[in-house]
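A.B. asks: Can you keep this structure in mind? I'll have questions shortly.
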Amino acid sequence: MLEPYRQQLVVDYTSASNVWFPIRIANYTYDRSTHMALRWLSVAVVGLATASATALLAWLVSPVSPGVAAVVFGFTALPFGAMLGWILIVAPVTADQTYTSGDSVESHWTTAASSGTATDLVTVVGLTLAVVAITRVDPPATLLLTGLLLAAFASFTARYAFARYRALSE
């Protein structure tokens, strides 16, 4: 069902005749601005879902005042959920891949995966410290560092595979 929809999104933007182009989805025709508005609405839905899941998790694990913890963590997670939605829904359409002439494609994938992994690790450390502070547990440092190392491996592998998939599917 999505394949004809994806084929209609391939548009030559250099032509003057493509200033306004219709996109036909299930007997409804949307112009470009409506299509982008639907994407941004989807970003809001992903952000709210992420914030709700985080609030639910905080409510479930908080031993003291779970309602306050749920509200604080939900509002704190909302911008990060919106960023996640933007990365998943808007960025693949609007962002162009740029390659330096001396670099190989694989080195570009590695650089993109490494830079994203650093951000992921900062997020994992912050969330782990928050959970440790809320639940008042004292896990051994070896367990925390092993978990951080596994998160780094998983993040790099997933980001590299996703960059490779995006480049090869174009």
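A.B. asks: Please go through the range 40-69 and give me each residue that is hydrophobic (A, V, I, L, M, F, W, C) and under 14 Å from residue 127 (Cα atoms), ordered by number.
C.D. replies: Filtering the range 40-69 for residues hydrophobic (A, V, I, L, M, F, W, C) gives 40-41, 43-46, 48-49, 51, 53, 55-61, 64, 68-69.
Once the filter is applied, which keeps residues that are hydrophobic (A, V, I, L, M, F, W, C) and under 14 Å from residue 127 (Cα atoms), the range 40-69 yields 51, 53, 55, 57, 58, 61, 69.
A.B. asks: Still on this structure, please answer the following. Which residues, counting only those in the range 152-170, are open to solvent by less than 70 Å² (accessible area, probe 1.4 Å) and over 12 Å from residue 116 (Cα atoms)?
C.D. replies: Once the filter is applied, which keeps residues that are open to solvent by less than 70 Å² (accessible area, probe 1.4 Å) and over 12 Å from residue 116 (Cα atoms), the range 152-170 yields 161, 166, 167.
A.B. asks: Continuing with the same structure: Report the residue count in the range 135-151 for those that are touching a residue at least 40 places away in the same chain (Cβ under 8 Å) and surrounded by 11 or more Cβ atoms within 10 Å (Cβ to Cβ).
C.D. replies: Here is the first cut: in the range 135-151, the ones touching a residue at least 40 places away in the same chain (Cβ under 8 Å) are 135-136.
If we keep only those that are surrounded by 11 or more Cβ atoms within 10 Å (Cβ to Cβ) as well, we get 135.
Of the residues in the range 135-151, 1 are touching a residue at least 40 places away in the same chain (Cβ under 8 Å) and surrounded by 11 or more Cβ atoms within 10 Å (Cβ to Cβ).
A.B. asks: Checking the condition modelled with pLDDT under 85 and either surrounded by fewer than 16 Cβ atoms within 10 Å (Cβ to Cβ) or not polar (S, T, N, Q) (or both), which residue from 81, 67, 74, 102 passes?
C.D. replies: So the residue among 81, 67, 74, 102 that is modelled with pLDDT under 85 and either surrounded by fewer than 16 Cβ atoms within 10 Å (Cβ to Cβ) or not polar (S, T, N, Q) (or both) is 102.
A.B. asks: Filter the range 106-134 down to the residues that are surrounded by 13 or more Cβ atoms within 10 Å (Cβ to Cβ) and either among the basic types (Lys, Arg) or over 22 Å from the mean Cα position of the chain (by Cα) (or both), then identify the one that is modelled with the lowest pLDDT.
C.D. replies: Restricting to residues being surrounded by 13 or more Cβ atoms within 10 Å (Cβ to Cβ) and either among the basic types (Lys, Arg) or over 22 Å from the mean Cα position of the chain (by Cα) (or both), the top hit is 134.
A.B. asks: Of everything in the range 30-60, what is surrounded by 15 or more Cβ atoms within 10 Å (Cβ to Cβ) and under 14 Å from residue 135 (Cα atoms)? Give them in sequence order.
C.D. replies: Result: 57, 58, 59.
The values are calculated or read from the model by the stated rules, or taken from the named source; none is laboratory data. Everything numeric in this text was worked out from a predicted model, so none of it was measured. Neighbour counts are summed over all protein chains in view; Cβ atoms, including those assigned to glycine, are modelled from backbone coordinates with ideal geometry. Only protein heavy atoms, including side chains, enter the accessible area calculation; ligands, DNA and RNA are left aside. Shrake-Rupley method; radii C 1.70, N 1.55, O 1.52, S 1.80 Å.
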